[in-house]
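> Quick one: structure below, then a few questions.
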Amino acid sequence: MTFGLPYKGSKNKLAARIAELLPPAHTLVDIFCGGCAVAHAAALSRKFQHIIINDTENCLPQLFLDAINGKYLNESRWISREDFFRLKDSDPYVRYLWSFGNNGRDYLFSKEIEPYKKALHFAIVYNDFALLNELNPEAATLLQTALHNIKGLTERRLALKRLPLPIPDRHRCLQGLERLNRLNRLPHDMFSPTNLDYRSVPIPENSIIYADPPYQNTNHYGHTRFDSDSFWNWARNSIHPILISEYHAPNDFVTVAELKRVSPLSATNNKAAAPEHLYTTPRFAHLFHDTLF
């Protein structure tokens, strides 16, 4: 199962395990929500009545909520390179689903491959094979035959993937759209979005904080470099239970779990990456006594 939005740095593959480790509370505050994968998994865990999703990238919580509210159920646009750079700052769907690696910055396709991807998009989504026929009549005939009487977008995309076409056949934006539309099954009134610096997020009583801060020395926070030392000091002083995802933590933090990951750069997709750890403060370690290793 996939969780949250297609997003660079998503916790999709770890989200279920993280949600399992979170103790129940009235409210979960996902204070660096990113693609909302953990918020999604936590909602399915039924441990929380309310989930606050916060990120300085305000379009991420909004994209997540829009998907829950069904905004993209009828989405079928082809987004060209020109459309992407014109719309990415105002349309979260364009910014993240049509960017390379869902990085919100670079267009999804190279200039060489874009015409083929557009032709395939028109064939799958609109049942229009004219562009593909101009580029490759053999592929157009093969695909048109394969898609005959296949109606659903997912089924048509999978049929395309199975064909030995002489042109690239992967279409990640359609996979991402399907992923967005699965979010429509979540409760519409469970989530509250905020767009604040983590130190300014109001934390209600009976809350658990989940924090996935930018990795030290690797990422930025909004438009500035993230101050990891300030974050750890803030976490030390939290009066609410907090669970933190990081590779390393200061010595006074308690390790709750080690999460093994697979490197996305591995050619065989089975090369172990550096394990990620979950930490808490000594004050709240007893809440995780069943999970400490």
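The values are calculated or read from the model by the stated rules, or taken from the named source; none is laboratory data. What you are looking at is a predicted structure, and each value in this text was computed from that prediction instead of being measured. Glycine also receives a Cβ, built like all others from the backbone with ideal geometry; neighbour counts cover every protein chain displayed. Just so you know, the surface numbers come from the protein's heavy atoms only, side chains and all, with ligands and any DNA or RNA stripped out. Shrake-Rupley method; radii C 1.70, N 1.55, O 1.52, S 1.80 Å.
> If a residue must be without any contact (Cβ under 8 Å) to a residue 12 or more places away in the chain and either outside any loop (DSSP other than H, G, I, E, B) or touching a helix residue (DSSP H, G or I) at 6+ places or on another chain (Cβ under 8 Å) (or both), how many such residues does region 113-161 contain?
Keep residues of region 113-161 that are without any contact (Cβ under 8 Å) to a residue 12 or more places away in the chain, which gives 128, 130, 133, 137, 141, 145, 148-152, 155, 158, 161.
Then keep just the ones that are either outside any loop (DSSP other than H, G, I, E, B) or touching a helix residue (DSSP H, G or I) at 6+ places or on another chain (Cβ under 8 Å) (or both); that gives 128, 130, 133, 137, 141, 145, 150, 155, 158, 161.
So the answer is 10.
> While we're here: Hey, could you check region 1-60 for residues that are part of a loop (DSSP other than H, G, I, E, B) and β-branched (Val, Ile, Thr) and say which is least open to solvent (accessible area, probe 1.4 Å)? Don't jump to the end; show me each part of the working.
Here is the first cut: in region 1-60, the residues part of a loop (DSSP other than H, G, I, E, B) are 1-14, 22-26, 31-36, 46-49, 55-58.
This time we only want the ones that are β-branched (Val, Ile, Thr), so: 2, 31, 56.
Details: Thr2: 48, Ile31: 1, Thr56: 48 Å².
Here the residue is Ile31.
> Give just the number: which of (1) in contact with a strand residue (DSSP E or B) (Cβ under 8 Å, 6 or more places away or on another chain); (2) polar (S, T, N, Q); (3) modelled with pLDDT under 95 does Gln49 not satisfy?
(3) is the only condition that Gln49 fails.
> Can I ask one more? Just one of Ser90, Ser80 is of a type in the set (Ser, Thr, Tyr), more than 30 Å from His26 (Cα to Cα) and touching a residue at least 12 places away in the same chain (Cβ under 8 Å); which is it?
Ser80
> Against the conditions (1) within 22 Å of Tyr198 (Cβ to Cβ); (2) open to solvent by 20 Å² or more (accessible area, probe 1.4 Å); (3) of a type outside the set (S, T, N, Q), where does Leu63 fall short? Just the number, please.
Of (1) within 22 Å of Tyr198 (Cβ to Cβ); (2) open to solvent by 20 Å² or more (accessible area, probe 1.4 Å); (3) of a type outside the set (S, T, N, Q), only one is false for Leu63: (2).
> Here is a follow-up. Cβ contacts < 7 Å: first residue touching a residue at least 12 places away in the same chain (Cβ under 8 Å), restricted to region 178-207; second residue open to solvent by 90 Å² or more (accessible area, probe 1.4 Å) and part of a helix (DSSP H, G or I), any location; separation 6+ or different chain. Result?
Short answer, once both residue conditions are applied: none.
> Is one or more of the residues making up region 147-161 at pLDDT below 95, open to solvent by less than 40 Å² (accessible area, probe 1.4 Å) and over 26 Å from Asn102 (Cβ atoms)?
Within region 147-161, one or more residues are at pLDDT below 95, open to solvent by less than 40 Å² (accessible area, probe 1.4 Å) and over 26 Å from Asn102 (Cβ atoms).
> A further question on this structure: Given (1) open to solvent by 50 Å² or more (accessible area, probe 1.4 Å); (2) modelled with pLDDT of 95 or more, where does Tyr126 come up short, assuming only one miss?
Failing condition for Tyr126: (2).
> Any residue at all in region 100-108 that's over 22 Å from Tyr7 (Cα atoms), of a type in the set (Asp, Glu) and open to solvent by 30 Å² or more (accessible area, probe 1.4 Å)?
no
> Inside region 186-215, can you point out the residues that are under 15 Å from His50 (Cα atoms), under 19 Å from the mean Cα position of the chain (by Cα) and not in a strand (DSSP E or B)?
Leu186, Pro187, His188, Met190
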